[in-house]
Amino acid sequence: MTSLFEPITLRGLTIPNRVWMSPMCTYSATGGHPEDFHLAHYAARAAGGAGLVMVEATGVLADGRISPFDLGIWDDEHVASFARIAAAITAGGAVPAIQLAHAGRKASIGKPWLGGKPVAHADGGWDTLAPSATAFPGYPEPAAMTEKQIAGVVEAFAQAARRAHDAGFQVAEVHAAHGYLLHEFLSPLSNTRDDQYGGSLANRARLLLEVIDVVRAAWPADRPVLLRVSTTDWTEGGWTVEDTIQVTRWAREHGVDLVDASSGGLVPATIPDTRDYQTSIAARLRAEAGDVPVGAVGRITDAAWADELITTGQADVVLLGRALLDDPSWPNRAARELGAQPRFLEQYAYAVPR
């Protein structure tokens, strides 16, 4: 018996299995709009058997994108473009999800395969914002945000969630990981404010909880809101697993239905070279943070191990990144390997050996 291909229900939504596509930036949008590339990219993973397909980090503001080539949903004109993507994912049998994000001090960066350097204003770049005027190493110094600008970001998340729902997405994820704006507020390495958004853990978590509140209010009550976190900065004096456990408890109280547990990204750091460097922390989070479901991500490429993570209660779902880039049909292949029923499109099912 396999647990990996059992459905999971969050609020009023049942997701057909526990193999989900992790959000991964593709730096291929125009003016925030998804292109035909995105349609083919996400539809292929849905057709390949994933239970949920998460659209990559989508900027809630134009200057909240990681790069000028990232997706964005800061305008009502974006809704129709995203509706094509949500519909294609649904047609493939998966649940369409979207990650809502603001890149903070790590915004205005070029395509990684071209070096990932800061983009100048003349080339479409912009000035960046952060909790404090402390730069990510090698990037320009950001401006410390005013409370009015903070309030504007909160409202932008609310409007982005509304647009995402209008486009047909069933799940929204708040991105508070990988050194982007909400993570920057959480970590004492990047947040040195002395107002209500800085200092204590409760103050540093204030913006995140405000964002969760407005996204939850804008999202249907019977549909789930997820949270992606970096569980540790992997750096002395930074964000810790213990901090994550506490903030996860608060996030659950504010209506988060599952925590997607990643790590790192705030500052350059040395990451352990072990298979379970990240999944072991997800297991701890699931054991210690209360009744919140947890998603594990990181170096999950083996079907038997993915199933073990679920079966042994270390995680409730697994989110795959590179494995699904390498093989869009990884879930269907894993189902066969584990003796479960693959989910083929009817156009394929009659021709594929059982």
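None of the figures in this text is laboratory data; all of them are computed from the coordinates on show. Note that the structure is a prediction, hence the values are computed from the model and not measured. All Cβ positions, even for glycine, are placed from backbone atoms using ideal geometry, and neighbour counts span all protein chains on display.
Could you say which residue among ASP76, ASP36, ASP63, ASP70 is in contact with a Lys or Arg (Cβ under 7 Å, 6 or more places away or on another chain) and of a type in the set (Asp, Glu)? Steps first, please.
Working: ASP36 fails: in contact with a Lys or Arg (Cβ under 7 Å, 6 or more places away or on another chain); ASP63 fails: in contact with a Lys or Arg (Cβ under 7 Å, 6 or more places away or on another chain); ASP70 fails: in contact with a Lys or Arg (Cβ under 7 Å, 6 or more places away or on another chain).
Answer to the selection: ASP76.
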Is it the case that segment 267-277 has a residue that's surrounded by 23 or more Cβ atoms within 10 Å (Cβ to Cβ) and either touching a residue at least 24 places away in the same chain (Cβ under 8 Å) or within 30 Å of TYR139 (Cα to Cα) (or both)? no
Find the residue count for segment 229-262, including only residues that are without any contact (Cβ under 8 Å) to a residue 60 or more places away in the chain, polar (S, T, N, Q) and buried (at least 20 other Cβ atoms within 10 Å of the Cβ). 5
Out of (1) without any contact (Cβ under 8 Å) to a residue 40 or more places away in the chain; (2) within 15 Å of ALA47 (Cα to Cα), the one LEU324 does not meet is (1)
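Identify, please: which residue in segment 132-165 is among the small types (Gly, Ala, Ser) and either touching a Gly at 6+ places or on another chain (Cβ under 9 Å) or crowded, with 18+ Cβ neighbours inside 10 Å (or both) and is, among those, nearest to ALA120 (Cα to Cα)? Even if it seems obvious, please write down each step before you answer.
Kept after step one, since they are among the small types (Gly, Ala, Ser), are these residues of segment 132-165: 132-133, 135, 138, 143-144, 151-152, 156, 158, 160-161, 164.
Checking the rest, the ones that are also either touching a Gly at 6+ places or on another chain (Cβ under 9 Å) or crowded, with 18+ Cβ neighbours inside 10 Å (or both) come to 132, 156, 158, 160-161, 164.
Details: SER132: 21, ALA156: 25, ALA158: 29, ALA160: 26, ALA161: 30, ALA164: 30 Å.
For segment 132-165, the residue satisfying everything is SER132.
Determine whether segment 75-94 contains at least one residue that is among the small types (Gly, Ala, Ser), out of contact with any Gly (no Cβ under 7 Å at 6 or more places or on another chain), crowded, with 24+ Cβ neighbours inside 10 Å and at negative phi. Even if it seems obvious, please write down each step before you answer.
To start, the set of residues in segment 75-94 that are among the small types (Gly, Ala, Ser) comprises 80-81, 83, 86-88, 91-94.
Remaining after also requiring out of contact with any Gly (no Cβ under 7 Å at 6 or more places or on another chain): 80-81, 88, 91-93.
Filter once more, so that each one left must be crowded, with 24+ Cβ neighbours inside 10 Å: none.
Scanning segment 75-94, I find no residue that is among the small types (Gly, Ala, Ser), out of contact with any Gly (no Cβ under 7 Å at 6 or more places or on another chain), crowded, with 24+ Cβ neighbours inside 10 Å and at negative phi, so the answer is no.
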Under 7 Å by Cβ, and 6 or more places apart or on different chains, what pairs join a residue from segment 90-116 that is touching a residue at least 12 places away in the same chain (Cβ under 8 Å) and within 17 Å of LEU71 (Cβ to Cβ) with one that is basic (Lys, Arg) and not in a loop (DSSP other than H, G, I, E, B)? GLN99/ARG228
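With respect to THR9, determine if the residue is polar (S, T, N, Q) and touching a residue at least 12 places away in the same chain (Cβ under 8 Å). Even if it seems obvious, please write down each step before you answer.
On the way: polar (S, T, N, Q): yes; touching a residue at least 12 places away in the same chain (Cβ under 8 Å): no.
No: the conditions fail for THR9.
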Where GLY116 falls short, out of the listed (1) buried (at least 20 other Cβ atoms within 10 Å of the Cβ); (2) in a loop (DSSP other than H, G, I, E, B): (1)
